[in-house]
Amino acid sequence: MKEGKALYGGQAVIEGVMFGGKHHFVTAIRRKDNSIDFFELPRKKSPIIAKLKAIPFLRGLIAIIEASANGSRHLNFSSERYGIDPTDDEKILKEQKESKLTLILGVAVVGVLSFFFGKFIFTLIPVFIAELFRPLVPSDIGQILLEGLFKLVLLLSYIYFISMTPLIKRVFQYHGAEHKVINAYENSLPLTVENVQKQSRLHYRCGSSFILFTVIVGVFVYMVVPTEPLWLRIVDRIALIPIVIGISFEVLQLTNKLRHLPVLKWLGYPGLWLQLLTTKEPSDDQVEVAIASFERLQALEQEKERMEQIS
């Protein structure tokens, strides 16, 4: 990415794409009548959160919690709206108006809890499976490597099987469209469907890469704690989740910074390989939705910057 360009992140949702900037989050989805609908939220500023996100290793955990909360709101919008007849919008919005704040807060909390629940599941199941092989692999190092292997197999199997469902396949296509738009923007290309479709559907900063790095980093972190007895191993794995997340986030940031160096760029390749499963090639109309989302975000960001300069 060229110097001076704003940094944007994104997320695929049901029949759409969410992008986030410095001041706003915007989701665009394709409705049943083929129109494009938008959901916009300002990025709330918190001095405390800003300070925490400036601390290495801790900022990763804060970023994940924030992303889970914000992402769940936009995912909730897309899941509720994409299948509804647009002629019913006014009635539905009227019914939801009074409980909007409660709904948003509730969805955000559920999103964060769902992330950590999923993390617990994918962390602890490999522990129990590896423990079953203790008679054959009794050493601590062997157990940790076996645990990492089972975790990787579980992760890849899970992604592969859910990707076979029509709904998730389309989400993965929008995921690819999101990456293509970001790549086109970072390469300073006009955001046309033709230009965007020529871009790679893979990107170094993707959350898919982060998930894989937690598996790899976890193997090394677990080396410093014992694997016996089993109860202590379980407690250690749960207690080390924030540490693994923090280190993995820093590794992800590092691989993104080094991606243009001939040899060190290979550090990010495992994450890119995983994206071959979590992204699919999008159709032109899906790319159109992703472009609409990104351009609406840019417009809001530029207006916010202009207003700040005036004031």
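Structure values in brief
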{"read-out": "Fully extended contour minus Cα-Cα distance, from residue 157 to residue 228, at 0.36 nm per residue", "value": "22.8 nm"}
{"read-out": "Options 242, 38, 164, ranked by Cα towards positive dipole end of the stretch 9-310, top entry (Cβ charges)", "value": "242"}
{"read-out": "Residues 188, 209, 293, sorted so that the one with the fewest Cβ neighbours within 10 Å comes first", "value": "188, 209, 293"}
{"read-out": "Proximal charge balance of residue 169 [Cβ under 13 Å; K/R count +1, D/E count -1]", "value": "0"}
{"read-out": "Bins of 5 Å, starting at 0 and running to the largest distance - Cα pair percent for the stretch 147-227", "value": "3, 13, 17, 17, 16, 12, 10, 7, 4, 1, 1"}
{"read-out": "Mean Cα-pair separation over length for the stretch 9-310, i.e. relative contact order, pairs under 8 Å, 6 or more apart, %", "value": "26"}
{"read-out": "The stretch 9-310: proportion of alpha-carbon pairs further apart than 25 angstrom, %", "value": "54"}
{"read-out": "When each of 198/304; 22/169; 22/180; 51/180; 280/304 is checked by Cα-Cα distance, pairs over 27 Å", "value": "198/304; 22/169; 51/180; 280/304"}
{"read-out": "Added length on full extension, which subtracts the Cα-Cα distance from 0.36 nm per residue, residue 124 to residue 32", "value": "29.0 nm"}
{"read-out": "C-alpha center-to-center spacing [the stretch 143-170, the stretch 266-311] in angstrom", "value": "26"}
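None of the figures in this text is laboratory data; all of them are computed from the coordinates on show. All of these numbers come straight from a predicted model, not from anything done at the bench. Using ideal geometry, Cβ is built from the backbone for each residue, glycine included, and neighbour counts are taken over all protein chains shown.
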